[in-house]
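For reference, the structure I am asking about is given below.
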Amino acid sequence: MNKRSFLKTSSALVTGTMISQLMACKEREARTNWAGNLTYSTDNVYTPKTVGEVQEMVKKYDKLRALGSKHSFNTIADSLDNQISSAGLNKIVSLDKANSTVTVEGGIKYGELCKYLDDNGFALHNLASLPHISIAGACATATHGSGVKNGNLATAVSAIEFVDASGNVINLSEAKEGDAFHGAVVSLGALGIITKLTLKLLPTFSMKQVVYKDLSMAELEKNFEAIMSSGYSVSLFTDWSNKNVNEVWIKSRFEETDNNTIAPEFYGAKAYAKNVHPIEALSAENCTEQMGVKGPWYERMPHFRMGFTPSSGKELQAEYFVPLEHGYKAMMAVEKLHEQITPHLFITEVRTMAADELWMSPGYKQACAIIHFTWKQEKDAVMKLLPLIEQQLAPFNARPHWAKLFTISPQVLQSRIEKLDDFKELIKQYDPNGKFRNAFIGKNLFGS
């Protein structure tokens, strides 16, 4: 090879490498999820920063999965081949004050968006218990907060942009597509790579939260829906050890007429005189302010502050949705297993969620009570317990959280999803050859 040919070839190789790095931004980091319980099956992880780069990646590879903030506890985001991280798509695109909407890239986290919205006079209707999760991932899995009048986080979505299996940019909106749009929001990553979402906003508001200790199950039985409706967002925490609710967290809108006094009792439960963690033995330093102190909505709706480690850190999570009217009975069905559950449990949280129209949401056309388990990272023991819990909850047709641990069989799970066939038609439309279909989707939506 002469010098001129060598230089030309070398230049082409260098340019190709630079483009490849720019387009792919391949990550070099630990290949586990946030909790460390799951090691991803591929090292091929790419972090595009533009929609065009996403399109190039989708056209280049035959198999892909979207990867968000890595807060899933199961293999929903895993791939044997390639993952596209949304971390580089983390910008606020526009704020439409006239229509009270904000458009963001899919990888931005709630904690990164909320202060901007508040500074501009707006709020979101609901937040999860931690603000560290990506908006696209949370909406695609029907992640939620609490409140009998509050839908899951995906119910705020009014428009969505994603790249389909052909590399086309698809834009759908509730106004134009109607019910078909409701099928595309909780997409489980099966339709494409979400690049942008438009969220409906509320005028900003202030909140306060108060925590009570030791609510008896007898009081809960008589007043379940009244207790769960006693604030904008209510959470019950129990470790099932003493036939009571350890803590009741009540988050309410702060009215200027409030005198900031805290009722000393709530259905027999006693008000705490200090901030507490949902797991009482842990420090409350990483929790949002309590004691009835006024604060912005985004610093009260989550349980955990953005700058701190959420929940307990090294843990496992499972969660089940049952019809709201069966909430107490479902809790008592679980309570029968308390001797087996408690040794392996950090805490259980019970929340509520309003009904919605999103096809793949557990809240499709039904208000829900939600029973969430934060487990010690004792995987073998937990995976043996889950079938027992699922059996106890079977009379209520319990649905699992899409991104947490469960063992419900594909046949049973599919039988509980009213719009599954319609959702499969959407998959066929946007991903006819299964480019975005991984083992999780194959098993739980298409398996028998």
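Where a number appears in this text, it was derived from the coordinates with a stated rule and is not lab data. Note that the structure is a prediction, hence the values are computed from the model and not measured. Using ideal geometry, Cβ is built from the backbone for each residue, glycine included, and neighbour counts are taken over all protein chains shown.
To the nearest 20 debye, what charge dipole does segment 185-283 have about its Cα centre, counting +1 at the Cβ of each Lys and Arg and -1 at the Cβ of each Asp and Glu? List each step's numbers first, then the result.
Details: 10 positive and 11 negative charges, 76 e Å.
In debye, rounded to 20, segment 185-283 gives about 360.
I need the per residue convex hull volume for the chain, using only the alpha carbons, in cubic angstrom as a whole number. Could you put the intermediate results ahead of the total?
Values: hull volume 69.6 nm³, N = 448.
Dividing the Cα hull volume of the chain by its residue count gives 155 Å³.
Tell me, what is the Rg over Rh of segment 92-203, with Rh the Kirkwood radius over Cα pairs?
0.94
Near LYS49, which aspartates and glutamates are there with a Cα under 20 Å away, not counting those fewer than 8 places off in the same chain?
Partners found: GLU27, GLU29, GLU105, GLU112, GLU161, ASP164.
Taking H placed 1.01 Å from N in the peptide plane, check which residues at least 5 places from LEU89 or on another chain put their amide H under 5 Å from its amide H.
Result for LEU89 returns GLY107.
Once you put a point 7 Å from the Cα of SER448 and another 7 Å from the Cα of LYS274, both along the Cβ direction, what distance in nm separates them?
Spacing of the two 7 Å Cα→Cβ label points: 6.0 nm.
Continuing with this model, one more query. Mind jotting down the distance between the C-alpha centroids of segment 289-362 and segment 114-168, whole Å?
That distance is 18 Å.
Per residue, how big is the convex hull of segment 126-283 when only Cα atoms are used? Give it in Å³.
Expressed per residue, the convex hull around the Cα atoms of segment 126-283 is 155 Å³.
Taking amide hydrogens as modeled 1.01 Å from N in the peptide plane, which residues meet the under 5 Å criterion relative to TYR46, leaving out close sequence neighbours?
Those qualifying (amide H under 5 Å, at least 5 residues apart or on another chain) are GLU27, GLN83, ILE84, SER85.
Still on this model: Hey, can you list the DSSP H helices of the chain whose Cα span along the axis is 30 Å or longer and whose average Kyte-Doolittle score is at least -0.5?
Sorted by number, the helices that extend far enough and score high enough are 3-24.
Which is the longest part of the chain that has none of the trypsin sites (Lys or Arg not before Pro) sitting in a DSSP loop with at most 10 other Cβ atoms within 10 Å?
Values: sites that count: ARG28, LYS274.
Longest site-free region, per DSSP loop and neighbour criteria: 29-273.
If you don't mind, another one. Kindly state, as a whole number, the per residue volume in cubic angstrom of the convex hull around the alpha carbon atoms of segment 170-246.
It is 190 Å³ per residue.
Apply the Karplus parameterisation 6.51 cos²θ - 1.76 cosθ + 1.60, with θ equal to phi minus 60°, to every residue of segment 237-242 and state each ³J(HN,Hα) to the nearest whole Hz, in sequence, with x for glycine and proline.
My calculation for segment 237-242 gives 10, 9, 9, 6, 8, 10 Hz in order.
Something else: For LEU38, what charge total do you get from the other residues with a beta carbon under 14 Å from its beta carbon, if Lys and Arg give +1 and Asp and Glu give -1?
That sum, taken over residues with Cβ under 14 Å, equals +4.
Towards the positive end of the charge dipole of the chain, with charges on Cβ (+1 Lys, Arg; -1 Asp, Glu), say which of THR261, VAL163, SER129 has the farthest Cα.
VAL163
Hey, which of these cross-link pairs are over 19 Å Cα-Cα: LYS70/LYS200; LYS222/LYS294; LYS251/LYS294; LYS243/LYS270? If you can, show how the numbers build up before the last one.
Values: LYS70/LYS200 25 Å; LYS222/LYS294 31 Å; LYS251/LYS294 11 Å; LYS243/LYS270 16 Å.
Pairs exceeding the cut-off: LYS70/LYS200; LYS222/LYS294.
Here's something else I'd like to know. With r defined as the distance between the Cβ atoms of GLU256 and SER229 and R0 fixed at 25 Å, what FRET efficiency is calculated, to the nearest 0.05?
Computed FRET efficiency for GLU256 and SER229: 0.65.
Among rounded, prolate and oblate, which fits segment 30-107 when a ≥ b ≥ c are the square roots of the eigenvalues of its C-alpha gyration tensor, a/c under 1.5 means rounded, and a/b larger than b/c means prolate?
Verdict is oblate for segment 30-107.
A follow-up question, please. Between LYS243 and ASP421, what is the label-to-label distance in nm when each label sits 7 Å out along the Cα-to-Cβ direction?
With each label placed 7 Å out from Cα toward Cβ, I get 4.8 nm.
Pairs LYS109/LYS419; LYS379/LYS404; LYS63/LYS428: which are spaced more than 19 Å apart, C-alpha to C-alpha?
Numbers: LYS109/LYS419 29 Å; LYS379/LYS404 13 Å; LYS63/LYS428 15 Å.
As for pairs spanning more than 19 Å Cα to Cα, those are LYS109/LYS419.
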